[in-house]
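What follows is one structure encoded as structure tokens, with my remarks underneath.
Nothing in this text is a laboratory measurement; each read-out follows from the coordinates by a stated rule. In this text, all values refer to a predicted model and were calculated from it rather than measured experimentally. Virtual Cβ from ideal backbone geometry, glycine too; neighbours counted across all protein chains shown.
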Amino acid sequence: MDDKFIRNRISELRIQKNISERSLSIDLGHSPSYIHSIVSGKALPSMTEFLYICDYFNITPKEFFDVEINNPALIKSVIEDLNTLDEMQIINIHEIIKGIKK
């Protein structure tokens, strides 16, 4: 993974959440152009800022870097919901998913 992955992932997450670069920058406590400078390759976030970005999107750093997950915040939310169900409910959901995948 490289800088480009980080820039692209921030853009993907921002678009999934339907938030502008400007709004994300301001929500993180920075100037309106902060995120644009990251995604355009002019800067990279510090480790602290990276963790704030993960918190903002309600994902862990592991989920941020997991290339197999297209929408980590949504997947995390679904898993949290699944954890509240009993075994039979989870089996039923699993059968629905298998039917949709056909």
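Whenever a residue of the stretch 39-53 is without any contact (Cβ under 8 Å) to a residue 60 or more places away in the chain and acidic (Asp, Glu), its partners that are crowded, with 16+ Cβ neighbours inside 10 Å and not in a loop (DSSP other than H, G, I, E, B), lying with C-beta atoms within less than 9 angstrom and at least six residues away or across chains, give the pairs Glu49/Tyr34; Glu49/Ile38. For the stretch 1-16, the set of residues classified as surrounded by 15 or more Cβ atoms within 10 Å (Cβ to Cβ) and among the charged types (D, E, K, R) consists of Arg7, Arg9, Arg14, listed by residue number.
What about Thr84, is it hydroxyl-bearing (Ser, Thr, Tyr) and closer than 27 Å to Ser31 by Cα? No, not satisfied. Every condition in (1) in a loop (DSSP other than H, G, I, E, B); (2) surrounded by 15 or more Cβ atoms within 10 Å (Cβ to Cβ); (3) under 12 Å from the mean Cα position of the chain (by Cα) holds for His30 except the one numbered (3).
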